[in-house]
Structures are given as structure tokens and as C-alpha cells.
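Notes to accompany the following structure.
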Amino acid sequence: MWLFKRLKHFLYLLFVGFISMTASANNRHITQVYPTEQSSDLQQFAWKEFHARSNAKKITTNNSSFKLDHTTISFSIDKNLTETYCLTVSPENISAQVKTLEDGKWMVFQILELLSQTNSNVQADDLPPASIKLHTHCKTFDFEYREPFFPTNLKAGNTFVFRTHSVDIHWGLWGHNISKITTPVDEIFSAINNEINKNQFCFSSEILFSQITEYILDNFGENPDETIRFMVMHEDNNIVCLCENCSKIGIRQEMQVPQPHTF
């Protein structure tokens with residue numbers, strides 16, 4: 001009996017030690033935190049959202065965290081994080097580390113919805129069900145770009161709630177919108193039988209190329225660390241420019257669609 005008890009005790013200690021080492025390995029990147037200056041912006045955003053959705057008397061705050069009832073909650077941005085986010089959860093603390101400000105705003109809404117399930121002081125009826133669980137873990141998003149095509153995603157502010165992208169926010173130029181960023185001089189439009197047709201663009205036009213280039217550089221600069229998406233699209237019709245330059249590069253009327261790829 002004594003030997004059996006000692007064996008049980010040894011196996012228990014071995015199991016606890018294995019679990020501890022596993023948890024430490026799984027969460028090894030949580031301990032290395034390098035907050036950026038945007039962390040304070042994220043913390044302020046979180047405070048405003050929690051304050052608006054809960055009983056203000058139940059919330060106290062300082063520069064780095066705030067307390068809801070007996071739980072201290074903090075958000076920080078760490079560009080060196082190896083995952084998209086890391087969440088550390090205990091009965092007294094919830095700490096969220098994220099890689100970007102947009103990820104952080106999404107995490108604020110996730111935690112709000114999760115807390116509302118058990119805390120009557122938090123109101124989140126307008127939020128969709130959280131897609132994460134409230135326990136210590138890290139996660140990397142499967143897709144870098146996520147843009148579901150449904151009306152709710154187009155509502156202002158919902159890209160943070162759903163952590164999605166939008167053509168109105170995350171694209172420098174999208175769709176059939178060249179006319180919105182160019183100066184309408186004859187040289188940028190299509191020509192058919194030597195007559196200017198302003199219902200379509202000439203994609204062999206050096207002036208059109210210069211105008212679009214200037215728009216991109218003036219509004220988005222040359223930042224190698226930032227990815228901006230652009231779509232150069234013809235007007236939504238089957239008019240084809242048949243000017244001398246377009247004809248030289250093989251553009252024909254029977255194509256029925258302009259050729260932006262020659263731009």
C-alpha cells in the first residue's frame with residue numbers, strides 16, 4: 001500500500017511537471033512583450049467601449065489597464081509578436097497582446113462579448129458571437145486579407161467588429177474608379193475613328209499613367225513597410241480605345257474589353 005501511494009504521488013508530480021512545461025512552451029511568446037506607442041491608443045479605445053457598454057460605477061482605470069468588478073483587463077500592441085494575438089486569462093486578469101491596432105480593436109469586441117455571457121454589467125447584445133474562447137492561448141489568422149461581401153461589412157466601424165477588410169478602407173484604388181482620381185483631359189480618354197470618347201480610358205496614354213502614379217505617391221507615399229492595394233480597372237463597358245498607340249500594341253475592337261494589363 002505504501003509503495004502504491006508513493007507511485008501515485010510520483011506519477012502525479014510527473015504529470016503536473018509535464019503540463020507545466022507544455023503550458024510554458026505553448027505560451028513562451030506571451031512573456032516577451034514589446035509594447036508600441038499605439039498601445040495607449042488601443043487601451044483608450046478599449047476603455048471607451050467598456051465604459052459605454054457597462055455600468056461605469058463598476059470600472060476603474062489607470063494608464064495601462066482598467067478593472068471591471070474584480071478583473072483587471074489590459075490590451076497592448078507588440079509588433080514583434082509571433083502570432084496574430086495572445087490572450088492570457090486568469091480569474092483576476094485578462095491580458096490581450098496583439099500585433100496591430102486593428103487586431104486590438106477586434107479583440108476588444110471579442111472580450112466584451114465573451115464577458116457579457118457571464119457578467120450582467122456588460123451589455124453586448126449588438127455584437128456577433130465571439131469567435132474565440134476566453135482562455136489562455138495564442139492564434140495566427142489563417143488569411144492575411146479577409147473581405148466578406150455582405151452589407152453588414154460595409155457599415156462604418158464593423159471592420160473592427162468582424163476583423164475584416166473593406167474596399168473603401170484598405171484599398172488605395174478599387175473597381176471602376178479611375179475617373180474619381182484623374183483630371184479629365186482629352187489625352188487620357190479613348191479614341192475611336194480619331195474622335196475622343198470620354199466613356200472609356202486609353203491605357204497606352206502616358207498622361208493617364210502619370211496622373212495615376214502621382215495620385216498614388218501623393219496620397220500613399222513610398223513606404224516599403226506598408227502594403228496598400230490598388231486595382232486599375234477600365235470603365236464598366238465594352239468600349240475599346242483604337243488610337244494609334246493602342247493599335248500598335250495589338251488592341252482590336254473585337255476584343256470588346258479594354259486592356260488595362262498593357263498599362
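Considered as a group, the residues in region 158-171 that are in contact (Cβ under 8 Å) with a residue 24 or more places away in the chain and not in a loop (DSSP other than H, G, I, E, B) include one that is surrounded by the fewest Cβ atoms within 10 Å (Cβ to Cβ), and that residue is 171.
Results for (1) under 18 Å from residue 196 (Cα atoms); (2) at pLDDT 90 or above, shown as yes or no for each residue.
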position	(1), (2)
210	no, yes
217	no, no
220	no, no
223	no, no
226	no, no
243	yes, yes
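Could you tell me whether any residue of region 81-90 is of a type in the set (A, V, I, L, M, F, W, C), modelled with pLDDT of 95 or more and under 18 Å from residue 66 (Cβ atoms)? So far as region 81-90 goes, yes, one or more of its residues are of a type in the set (A, V, I, L, M, F, W, C), modelled with pLDDT of 95 or more and under 18 Å from residue 66 (Cβ atoms).
Restricting the first member to region 173-188 and to residues that are within 13 Å of residue 230 (Cα to Cα) and modelled with pLDDT of 90 or more, and the second to residues that are among the hydroxyl-bearing types (Ser, Thr, Tyr) and not in a loop (DSSP other than H, G, I, E, B), the beta-carbon pairs closer than 9 Å and six or more apart or on different chains are 181/215. Within region 141-157, if we keep just the residues that are at pLDDT 75 or above and outside any loop (DSSP other than H, G, I, E, B), the residue that is farthest from residue 104 (Cα to Cα) turns out to be 151. Give the residues of region 227-246 that are surrounded by fewer than 14 Cβ atoms within 10 Å (Cβ to Cβ) and either out of contact with any helix residue (DSSP H, G or I) (no Cβ under 8 Å at 6 or more places or on another chain) or among the β-branched types (Val, Ile, Thr) (or both), sorted by residue number. Result: 227, 228, 229, 236, 237, 238, 244.
The values are calculated or read from the model by the stated rules, or taken from the named source; none is laboratory data. This structure is a prediction, so every number in the text was calculated from the model and none was measured. Glycine also receives a Cβ, built like all others from the backbone with ideal geometry; neighbour counts cover every protein chain displayed.
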